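These notes are about the structure you will find just below.
Since every read-out is calculated from the coordinates, none of them should be taken as a lab result. If you're wondering where the values come from, they're calculated on a predicted model, not measured in any experiment. No Cβ is skipped: glycine too gets one built from the backbone with ideal geometry, and neighbour counts run over all protein chains shown.
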């Protein structure tokens, strides 16, 4: 039998015209007050409950601070540093390739310094 059905049947018996002595009535009243006091009240579900939970729990648990904030931040910073280093290495590699092509070409270095050569390159590339 589930709780609702049991409660319904108890209420039917209590609603009958019973004559109870004052001692039993007092015990029933005390039991009812005790049950009402133990009844759980549902708390409202706020939109930012996770933020209150996070900040409230950080004050008391340093392990939670590490696992929720410091560890992800360290992983993120490590990833950003790795991407930056990789990008710098790629840029250096591109510059090395350009320098190698310039030095391996048949033109003398002075030709690259000539102002007219720059104009000729622009015209010939069009």
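Observations
- Using a Förster distance of 30 Å, the FRET efficiency for residue 123-residue 98 (Cβ separation, nearest 0.05): 0.90
- At full extension, residue 21 and residue 3 could sit 3.7 nm farther apart than now, given 0.36 nm per residue minus the alpha carbon distance.
- Shape class of the stretch 78-126 from the alpha-carbon gyration tensor: prolate, with a/c at 1.5 or above and a/b greater than b/c.
- From least to most packed, judged by other beta carbons within 10 angstrom and beginning with the fewest, 67, 125 follow the order 125, 67.
- In this simple spin-label approximation, residue 13 and residue 73 carry label points 7 Å from Cα along the Cα→Cβ vector, and these lie 6.2 nm apart.
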